[in-house]
Each structure stands twice: as structure tokens, then as C-alpha cells.
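Read through the structure below, which is laid out as C-alpha cells, and then see the notes.
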Amino acid sequence: MKLFPYGHATHPQWRMAAGLVLAQLRAQMALHGYASAPTLALLYITDHYADQAQEILEHLSAELPEITDWSGTVGVGIAANNVEYFDEPALAVMLCELPSDQYRVFSGVAPLGLGFEAHTALIHADAETPDLPELLVEMASRTASGYLFGGLSSSRSKTVQFAVAGNGNISGHGAASGVFSGGLSGVAFGAGVNLVSRVTQGCLPLARAHHVTAAETNVVTRLDGEPALDVMLRELHVSLEQPETALAAVRATLVGLMHPADSGGPAGDAVAVGRTGNFGSDVLVRHIIGLDPARRGVAVSDQLEVGMQLAFCQRNVQAAKADLIRVCAEIREELEPQELPMETATALAVSEAESAPHPARGIAGAIYVSCSGRGGPHFGGPSAELQIVRRALGDVPLVGFFAGGEIARHHLYGYTGVLTVFTSQ
């Protein structure tokens, strides 16, 4: 598999940004090692361009007639290799050269048909979709791997998704012409498309995980047999006798939850907090929304059940950086053989100043979906998060967006990043 051409740009006028992106794509398509006959395009725009989404798609489709399929969405920010665009008009495009029988674009009005055997799927979803968590579980069950990746569209104005099939439109869209709002859309991939995906958490557990031994709806009352509120106050080193200090600590605290089904059953064979002190990929971070002093309980923004694992945690910049580096290293380790050919070793050893996307890295392209509450400010500066990805993963074609919720496996996350790469092996 050859490198996927990609381009990104910002400009107050979308036509100027589109022109810059098209110039990058065409230049790369003419280079050795890059795909010259792509058919699938991934398009991400910031919400500054949301009202012009239809015009943007029509313009890019006309300029790239060889592209038969489009998928993408809007975000309050978008991502590209080594850079992120927040609070500015921008767009990013990546062109994927994949066998036509190994992917299908789908949407809510044109769902994935029975004639295609999906192994995994890229999902773009509207946060206002009813029963969204259940829809993700159902969608994951229709894939052979049970693994989805993607995120929820995020916008301060209009929320849109892109979905165009090989005939220039998806049947059922009518006048929408590939741009619509609501529901789910994306791309399902067959077993012949090799993907590696990892979830990076942005929170640091305060202590080990506890088992929920008593709970009612969204209020946990006992953890490991102890009053839940007492456990939390002990781990935060605060007391209700000093309410201002305690309230400030609670406001900075969240909970990480792991369902029994993901931990191997009530016995909890898998653990929410690993030996390194980080959350596992099946942990869902949720807000604390209240305290129940009468029952010594803690209310959280999710339904609780006995047998869950729960760990109190806080958003931590250093933990987020370390975990992001970890997942990039895991992906590289999975792709790199124990004995490297000279071409691969040379490509990986090149200095950052001289680095460029290279087929020897084994990555044709990457998609990164991060929480809209992460990004540069959370990591220390503009584009810091994407710069960490580039340094740790290598210089690879990459696009993505900052979401209102991240999707991996059948879970809907918050405060996470989902990094997925198309491997050329």
C-alpha cells in the first residue's frame, strides 16, 4: 500500500483553503511512493466552514473527479500531521487508495448492506442521535472484529457529515448531495484493509480501582463494601468539615468506569488501572455530578451497576503526554519487525528536520480523533498534541478532528484520543 496523499490549510475564504489543499494533494500524487489512483477521500472541516459544507464538497468533488467516495465531518478543531486548527477556518483531506471491494461508505439513510462483510468501521456520529450508545453497540456487532473508531461531530454552529458513494451520492439523500445532519455515517472496511488502533486516556487515576458493591441508577453508595463518599474523600485527602477545600477537590475529580463485561466478569480478571498506574482502553471517564451525604454516595454521569470497577481520577497533562507517547510506541512496535531492513532503519533514524512520510515506516496514513477539551492548550501549547504524535509515531500522512466524544470499540469516550493507522503491510 502506498502513502496516502493529504493536504490541510486555513484561510478566511474556503475556496482559497481548498486551492491550497488541492495543490498539496496533486503534488504528492505525482511523487514516487504516494498513491496515484485513490478512490476514497476523508474530509474534515472546522465549524467556521459548516455553512459552506455543500459548496466545499461539490468543489472538491469536481476538482478530484477520480475520487468516487467521500466521508468526513465537522469539528471545532481539525488535525493534520504536526498541526491542529482551532478557532480558525480550515479543512483537511486525505486520499486513500484501497481496493474497491474492501470498503463501503454508509449513512443513516443508506445503512451498511448485508452484501458487505465489515471487519471494522470508521464512525462519524451526531451527538443528538437518540440511543447513540446502543446504536454503537449494534454497529460494532455487525463487524467481524467488534471494533469501531471515530467520534462525534462537534460544532458551535451547524453539525454536518459527509457521505458520498461511488455513484456520486448515497441513495436516499435526495437534494442533500452527500452533506447531511444527524445519525451515523462513515466507512466500513473489509478484512483486506490492515488497521491498527489505540486509545489514549487523558486522566491519571488517584489510586487503585474499586469494585462497585452497591449502587442505585447513577449513584454509587459502596465501594469494596465501604461508603463510596468516604473512599473518595480519603483518596482526595479532604474532609467535609472543610467544605470549600473539599468542593474544590471534588470539582477537579472524575471517575473511570469499567463494565463487568469488559473486565472478564464480576471477578474482574482485567483491571481498570494497570501496573503502570494508567487506565486501560476499556475504561470510560465520566463526570462527578453530585454528592449524597445521607447515603454516603457519589453521583456520576452514567448508569452504575454492581460489579463495575471504579477509580477516581484527575485530568493530568503529564499523564496525557506519557500515555499518548505510549500508544504511538505500541503502534510502531506492532508494525516494526525485530530485524529492520536497511531502508526502514534509515527512514526511522532520520532527524526530525529531514523527516518526511516514508513507505518504509509501514504506515500509509493515519486518522486521529481527539477530545475537543484536549488539543494544544491541554498539552502545553498550540499544536502540542499533534507534535507529540509526530515525534512518537513518525512523520506519516495524518488527518482527523476534535470531537464531542470519541469512539473506540463499542464505547463512547470523553477526554481521550483514538489513533488509527492504515498499515502498508
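The values are calculated or read from the model by the stated rules, or taken from the named source; none is laboratory data. Keep in mind that what you see is a predicted model, and the values were worked out from it rather than measured. Methodologically, a virtual Cβ is constructed for each residue, glycine included, from the backbone with ideal geometry; neighbour enumeration extends over all protein chains shown. Note: areas computed on protein heavy atoms with side chains; ligands, DNA, RNA excluded. Shrake-Rupley method; radii C 1.70, N 1.55, O 1.52, S 1.80 Å.
Say we look at segment 169-192 and pick out the residues that are open to solvent by less than 50 Å² (accessible area, probe 1.4 Å), over 24 Å from ALA408 (Cα atoms) and in a loop (DSSP other than H, G, I, E, B); which of these is modelled with the highest pLDDT?
Result: GLY178.
With respect to VAL250, is the statement that it is in contact with an Asp or Glu (Cβ under 8 Å, 6 or more places away or on another chain), within 14 Å of PRO293 (Cβ to Cβ) and open to solvent by less than 20 Å² (accessible area, probe 1.4 Å) true?
It is false that VAL250 is in contact with an Asp or Glu (Cβ under 8 Å, 6 or more places away or on another chain), within 14 Å of PRO293 (Cβ to Cβ) and open to solvent by less than 20 Å² (accessible area, probe 1.4 Å).
Could you count how many residues in segment 1-38 are hydroxyl-bearing (Ser, Thr, Tyr) and over 23 Å from the mean Cα position of the chain (by Cα)?
So the answer is 2.
What about TYR34, is it open to solvent by less than 10 Å² (accessible area, probe 1.4 Å) and in contact with a strand residue (DSSP E or B) (Cβ under 8 Å, 6 or more places away or on another chain)?
No: the conditions fail for TYR34.
Among (1) farther than 18 Å from LEU184 by Cα; (2) open to solvent by 60 Å² or more (accessible area, probe 1.4 Å); (3) under 24 Å from the mean Cα position of the chain (by Cα), where does PRO111 come up short?
(1)
Search segment 114-157 for residues being farther than 26 Å from GLN303 by Cβ and aliphatic (A, V, I, L, M), and hand back the single one that is surrounded by the fewest Cβ atoms within 10 Å (Cβ to Cβ).
Among those residues, the one meeting the criterion is LEU114.
Run down GLY381, GLY400, GLY365 and say which single residue is without any contact (Cβ under 8 Å) to a residue 60 or more places away in the chain and outside any helix (DSSP H, G or I).
Testing whether each residue is without any contact (Cβ under 8 Å) to a residue 60 or more places away in the chain and outside any helix (DSSP H, G or I) leaves just GLY381.
Could you check, for segment 11-33, whether at least one of its residues is over 14 Å from GLU63 (Cα atoms) and assigned to a strand (DSSP E or B)?
No: zero hits.
With LEU57, LEU20 as the choices, which residue is open to solvent by less than 20 Å² (accessible area, probe 1.4 Å) and among the hydrophobic types (A, V, I, L, M, F, W, C)?
The conditions single out LEU57.
Restrict the check to segment 351-359 and report whether at least one residue is in contact with a strand residue (DSSP E or B) (Cβ under 6 Å, 6 or more places away or on another chain), more than 17 Å from MET232 (Cα to Cα) and modelled with pLDDT of 85 or more.
There is no residue in segment 351-359 that is in contact with a strand residue (DSSP E or B) (Cβ under 6 Å, 6 or more places away or on another chain), more than 17 Å from MET232 (Cα to Cα) and modelled with pLDDT of 85 or more.
Residue under question is ALA347, and the condition is that it be in a helix (DSSP H, G or I), touching a helix residue (DSSP H, G or I) at 6+ places or on another chain (Cβ under 6 Å) and at pLDDT below 85; does it hold?
yes
Please return the ranges of strands (runs of 3 or more DSSP E) entirely within segment 224-332 where 2 or more residues are over 25 Å from VAL418 (Cβ atoms), at pLDDT 95 or above and in contact with a Leu (Cβ under 7 Å, 6 or more places away or on another chain).
The qualifying strands (runs of 3 or more DSSP E) are 297-300.
Among the residues of segment 189-214 satisfying the criterion of being under 14 Å from PHE422 (Cβ atoms) and among the small types (Gly, Ala, Ser), which is nearest to the chain's Cα centre (by Cα)?
For segment 189-214, the residue satisfying everything is SER197.
With THR68, THR39, THR46, THR73 as the choices, which residue is open to solvent by less than 40 Å² (accessible area, probe 1.4 Å), among the hydroxyl-bearing types (Ser, Thr, Tyr) and out of contact with any Phe, Trp or Tyr (no Cβ under 8 Å at 6 or more places or on another chain)?
Matching residue, one of THR68, THR39, THR46, THR73: THR39.
Restricting attention to segment 400-425, which residues are out of contact with any helix residue (DSSP H, G or I) (no Cβ under 7 Å at 6 or more places or on another chain) and aliphatic (A, V, I, L, M)?
ALA403, ALA408, VAL418
If LEU206 satisfies all but one of (1) surrounded by fewer than 21 Cβ atoms within 10 Å (Cβ to Cβ); (2) over 25 Å from HIS378 (Cβ atoms); (3) touching a Leu at 6+ places or on another chain (Cβ under 9 Å), what's the number of the condition it fails?
The one condition LEU206 does not meet is (2).
How many residues does segment 214-226 contain that are closer than 18 Å to VAL300 by Cβ and either of a type in the set (Asp, Glu) or surrounded by fewer than 18 Cβ atoms within 10 Å (Cβ to Cβ) (or both)?
Number satisfying all stated conditions: 6.
Restricting attention to segment 83-94, report how many residues are at pLDDT 95 or above, surrounded by fewer than 22 Cβ atoms within 10 Å (Cβ to Cβ) and either among the acidic types (Asp, Glu) or on the phi > 0 side of the Ramachandran plot (or both).
1
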